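This report concerns only the one structure given below.
The values are calculated or read from the model by the stated rules, or taken from the named source; none is laboratory data. Computed from a predicted structure; not experimentally measured. Here the Cβ is made from the backbone with ideal geometry for all residues, glycine too, and neighbour counts use every protein chain on show.
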Amino acid sequence: MELKENERIDDLEYKNLKIIQNKEGFCFGIDSVLISDFAKEIKNNSIGIDLGTGTGIISILLSSKTNLLKIIGIEIQKDVADMAKRSVELNGLQEKIDILNINIKEILENKNLEIVKKESFDFIVTNPPYKKIETGKINENEYKYISRHEITANLDDFLEVSKYLLKDKGEFYMVHRPDRLVDILSSMRKYKIEPKKIRFVYSNINKEPTLVLIKGIKNANPFLKVEKPLFIYEKDGKYSEEIYKIYGKK
């Protein structure tokens, strides 16, 4: 496959999957790998949405970790969506993954979109921008800035769209930052997506959590389970046993 300027093909280190990334753009991190594993409990033959798919990393991993029927990755940046489409083709996953180049807010603004109909999806997975628009560094290139900051859509937008798209009792999976947890839980309740499971992710046992994995269910009864922490590294600096398992390695 022919690559564009500054592009490269990276090995996802899982079942020979590959992904195309731009060296100067926003490259996927372990948060995408972890949320794809956290969401692998979705039911067989499920149809889902990956909101803010970026280069398609979560959709590609989920399509191999589960028996999903179809997942639609939605990405606002045209060049990034194009990379995602080519990564899908590179892995031969065209029958399972579609990429749609729109702003997620267009789903609510144009409710006649055939491919994303109201209450027609079994699950949603998302790794949204973590930072509020007025926070963080601003001396980044446009691709990174849009990926990291709530410029084109904020947390409420992601939850409102999820409520619109999910079936009754549909499942919602998100990875985010712990410092936004109050905002996240408040917004989930606001849009009738009940928080059901939370897991904090730590670099190692001596650090504070850097990520939080959250599962919610639309129109579910209140009951929240906090799972045991996930540690990325052991004290010797090597990946933990669980991280090796997530990557499909011993």
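Rundown of residues vs (1) at pLDDT below 95; (2) surrounded by fewer than 21 Cβ atoms within 10 Å (Cβ to Cβ); (3) among the small types (G, A, S); (4) in contact with a helix residue (DSSP H, G or I) (Cβ under 8 Å, 6 or more places away or on another chain), yes/no style:
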site: I58; (1), (2), (3), (4): no, no, no, yes
site: L61; (1), (2), (3), (4): no, no, no, yes
site: S64; (1), (2), (3), (4): yes, yes, yes, no
site: Q77; (1), (2), (3), (4): yes, no, no, yes
site: E89; (1), (2), (3), (4): no, yes, no, no
site: K96; (1), (2), (3), (4): no, yes, no, yes
site: I99; (1), (2), (3), (4): no, no, no, yes
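Does L213 meet the test of being closer than 29 Å to I74 by Cβ and in a strand (DSSP E or B)?
yes
Can you work out which of the residues in segment 21-45 that are in contact with a Gly (Cβ under 9 Å, 6 or more places away or on another chain) and at pLDDT 95 or above is nearest to D156 (Cα to Cα)?
Of everything passing the filter in segment 21-45, A39 is nearest to D156 (Cα to Cα).
Exactly one of (1) closer than 23 Å to G170 by Cβ; (2) out of contact with any Asp or Glu (no Cβ under 7 Å at 6 or more places or on another chain); (3) in a loop (DSSP other than H, G, I, E, B) is unmet by K235. Its number?
Unmet condition: (1).
Kindly indicate whether any position in segment 20-34 is over 14 Å from the mean Cα position of the chain (by Cα), surrounded by fewer than 21 Cβ atoms within 10 Å (Cβ to Cβ) and under 24 Å from G216 (Cβ atoms).
Within segment 20-34 (the criterion being over 14 Å from the mean Cα position of the chain (by Cα), surrounded by fewer than 21 Cβ atoms within 10 Å (Cβ to Cβ) and under 24 Å from G216 (Cβ atoms)), the answer is no, since none of the residues qualifies.
For segment 38-86, enumerate the residues that are under 12 Å from the mean Cα position of the chain (by Cα) and assigned to a helix (DSSP H, G or I).
F38, I57, I58, S59, I60, L61, L62
Could you tell me how many of the residues in segment 202-229 are closer than 19 Å to V125 by Cβ, under 21 Å from the mean Cα position of the chain (by Cα) and surrounded by 15 or more Cβ atoms within 10 Å (Cβ to Cβ)?
Total satisfying the criteria: 8.
Could you count how many residues in segment 4-44 are out of contact with any strand residue (DSSP E or B) (no Cβ under 7 Å at 6 or more places or on another chain) and aliphatic (A, V, I, L, M)?
Result for segment 4-44: 3.
Please count how many residues of segment 115-133 are closer than 12 Å to L165 by Cα and not in a strand (DSSP E or B).
6
Which residue is nearest to L159 (Cα to Cα), if the candidates are limited to segment 216-232 and must be in a strand (DSSP E or B) and of a type in the set (V, I, T)?
By that ranking, first place goes to I217.
Is it the case, given these coordinates, that K207 is assigned to a loop (DSSP other than H, G, I, E, B), farther than 30 Å from L165 by Cβ and either in contact (Cβ under 8 Å) with a residue 24 or more places away in the chain or in contact with a Leu (Cβ under 8 Å, 6 or more places away or on another chain) (or both)?
Considered against the rule, which asks whether it is assigned to a loop (DSSP other than H, G, I, E, B), farther than 30 Å from L165 by Cβ and either in contact (Cβ under 8 Å) with a residue 24 or more places away in the chain or in contact with a Leu (Cβ under 8 Å, 6 or more places away or on another chain) (or both), K207 comes out as no.
Considering only residues that are closer than 22 Å to N221 by Cβ, surrounded by 24 or more Cβ atoms within 10 Å (Cβ to Cβ) and not acidic (D, E), which ones fall in segment 154-187?
Across segment 154-187, the qualifying residues are L159, S162, L165, L166, G170, F172, Y173, M174.
Are any of the residues in segment 2-11 closer than 30 Å to E241 by Cα, assigned to a strand (DSSP E or B) and among the aliphatic types (A, V, I, L, M)?
yes
Looking at segment 199-211, can you tell me whether even one residue there is touching a strand residue (DSSP E or B) at 6+ places or on another chain (Cβ under 9 Å), at pLDDT below 95 and of a type in the set (A, V, I, L, M, F, W, C)?
Looking through segment 199-211, at least one residue is touching a strand residue (DSSP E or B) at 6+ places or on another chain (Cβ under 9 Å), at pLDDT below 95 and of a type in the set (A, V, I, L, M, F, W, C).
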